1. Anything in the range 100-127 that is at pLDDT 95 or above, closer than 21 Å to Gly81 by Cα and surrounded by fewer than 18 Cβ atoms within 10 Å (Cβ to Cβ)? List them, or say none.
2. From the set of residues in the range 14-29 that are among the aliphatic types (A, V, I, L, M) and part of a loop (DSSP other than H, G, I, E, B), which is surrounded by the most Cβ atoms within 10 Å (Cβ to Cβ)?
3. Part of a helix (DSSP H, G or I) and not hydrophobic (A, V, I, L, M, F, W, C): which single residue out of Tyr34, Tyr82, Tyr48 fits that description?
4. In the list Arg83, Arg79, which residue meets the criterion of being over 10 Å from the mean Cα position of the chain (by Cα) and under 23 Å from Glu240 (Cβ atoms)?
5. List the pairs whose first member sits in the range 116-132 and is under 25 Å from Arg218 (Cβ atoms) and in contact (Cβ under 8 Å) with a residue 12 or more places away in the chain, whose second member is surrounded by fewer than 13 Cβ atoms within 10 Å (Cβ to Cβ) and of a type in the set (Ser, Thr, Tyr), and whose Cβ atoms are under 9 Å apart, counting only residues at least 6 apart or on separate chains?
6. Could you list, in sequence order, all residues of the range 184-202 that are in contact (Cβ under 8 Å) with a residue 40 or more places away in the chain and surrounded by fewer than 22 Cβ atoms within 10 Å (Cβ to Cβ)?
7. Only residues in the range 209-234 that are closer than 16 Å to Trp149 by Cβ and at pLDDT 95 or above count as the first member; pair them with residues that are assigned to a helix (DSSP H, G or I) and hydroxyl-bearing (Ser, Thr, Tyr), Cβ under 7 angstrom, at least 6 apart or cross-chain, and list the lot.
8. What tally of residues in the range 18-53 results from selecting those that are under 25 Å from Ser263 (Cα atoms), more than 14 Å from the chain's Cα centre (by Cα) and in contact (Cβ under 8 Å) with a residue 12 or more places away in the chain?
Amino acid sequence: MLLHGFPQTHVCWHRVAPALAKDFTVVCLDLRGYGASAAPRGDGRSTYSKRRMAEDVVAAMSELGHQRFSLAGHDRGARVGYRLGLDHPDRLERLALLDIVPTSIFWTQIRSGSFSAPHWTYLAGPSPQTEDEIGKDPVAYFDTLLARWSSSGSLDAFDPRAHAAYRAAYMQPERIHAFCEDYRAGATSDVEADEADLAAGRSVACPTLLLWSSYLTRGEAAKAETPPQVWKRTFAPQAEEVQVDAGHFIPEEAPEATLAALSAFIKAGAS
């Protein structure tokens, strides 16, 4: 199972999935509210929680006949991935998390000033004001984020066809609402779920790979713990780690490194 992040769709795996499919059965899913998936109205808290999204993934894989599977998630998809690993440990064989730290920890970093992510607080803002503001020019808003988080600072990292697919999705008002609801859940129920698991001493049981970019350690973040250090003291104490010289969009900016890391990691579980 390959899961995308914000503000993308399953298409973000187009440079990796075909090669993975030579050795594995590959499922690429659009998260709730993204791409071609349903985008229900949110309640500002739980409709787009990673717990609910993880349940979506479990249901989809059950429908396809996969009771146990490996999962690789990027960005928001990685947040769904580790929540699935905590809530449904019997379903995951292996878990790869691309370019994140746990949600509760990241909110702490934002509030302390050790990492700047103004879109987190903005998208989690009140409804419908935030949606209305973005809806005035969604292409400008989301394209700016895509460019800002890439290593080049431009849209050059993205295949024009993939970028067109992202634009087609984030120009839809119901998708804009879903994105905001995703971040509202991230600021509330997702943090609470993380904190409850940390307090209980829970961690992801399956083998875990951390694939992280230089984007996560630039600027003020360079003075903080590295992503592997954070994961190893929280939810993935035995995790393997691979750093990639790329911007945030690892599957598209460093597809060869992504493919090599994921292939080796998943194959190790079959040996």
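1. Trp120
2. Among residues in the range 14-29 that are among the aliphatic types (A, V, I, L, M) and part of a loop (DSSP other than H, G, I, E, B), the one surrounded by the most Cβ atoms within 10 Å (Cβ to Cβ) is Val16.
3. On the way: Tyr34 fails: part of a helix (DSSP H, G or I); Tyr48 fails: part of a helix (DSSP H, G or I).
None of the other options fit; the residue is Tyr82.
4. Arg83
5. none
6. Scanning the range 184-202 gives Ala187, Thr188, Ser189, Val191, Ala193, Glu195, Asp197, Leu198, Arg202.
7. Pairs that qualify, where the first residue is closer than 16 Å to Trp149 by Cβ and at pLDDT 95 or above and the partner is assigned to a helix (DSSP H, G or I) and hydroxyl-bearing (Ser, Thr, Tyr), are Leu211/Thr258.
8. 7
The values are calculated or read from the model by the stated rules, or taken from the named source; none is laboratory data. None of these values were measured; they are calculated from a predicted model. For neighbour counting, all protein chains shown are included, and Cβ atoms are generated from backbone atoms with ideal geometry for every residue, glycine included.
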